[in-house]
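Beneath this line is the structure, given in structure tokens, with notes to follow.
The values are calculated or read from the model by the stated rules, or taken from the named source; none is laboratory data. Owing to the predicted nature of the structure, the values given are computational and were not obtained by experimental measurement. For neighbour counting, all protein chains shown are included, and Cβ atoms are generated from backbone atoms with ideal geometry for every residue, glycine included.
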Amino acid sequence: MTGLDWMTNALCREVGVELFFPNQGGESAAMNAVAKGVCDACSARVDCLEYAMRTETGSRRGGRHGVWGGTTPEDRDKIASERARQRRKERKRERVV
């Protein structure tokens with residue numbers, strides 16, 4: 001799929017958006033778990049996650065919101081950190097060669 005075509009097949013279209021963007025508080029953890037369950041069954045999960053990783057701004061400062069591709073903002077912060085670590089490793093390897 002290209003662009004945002006994946007959104008057409010996303011299961012979240014069949015569920016209320018508030019499930020994926022809960023308010024902060026005690027109920028958000030339970031809602032995140034339910035949202036992640038919807039994502040687990042969704043064929044658009046990978047595209048959704050990559051969309052969020054490309055378009056969200058910032059991290060650890062409130063730039064990430066909601067459940068995207070089966071991940072919470074905290075999950076995506078970890079993914080972004082790991083990807084940055086991998087890029088640094090690759091650049092270092094390239095300089096050695």
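Of note, residue 41 does not satisfy the criterion of being surrounded by 19 or more Cβ atoms within 10 Å (Cβ to Cβ), at pLDDT 85 or above and small (Gly, Ala, Ser). Looking at the stretch 76-97, can you tell me whether even one residue there is outside any helix (DSSP H, G or I), modelled with pLDDT under 90, surrounded by fewer than 16 Cβ atoms within 10 Å (Cβ to Cβ) and touching a helix residue (DSSP H, G or I) at 6+ places or on another chain (Cβ under 9 Å)? No, the conditions are met nowhere in the stretch 76-97.
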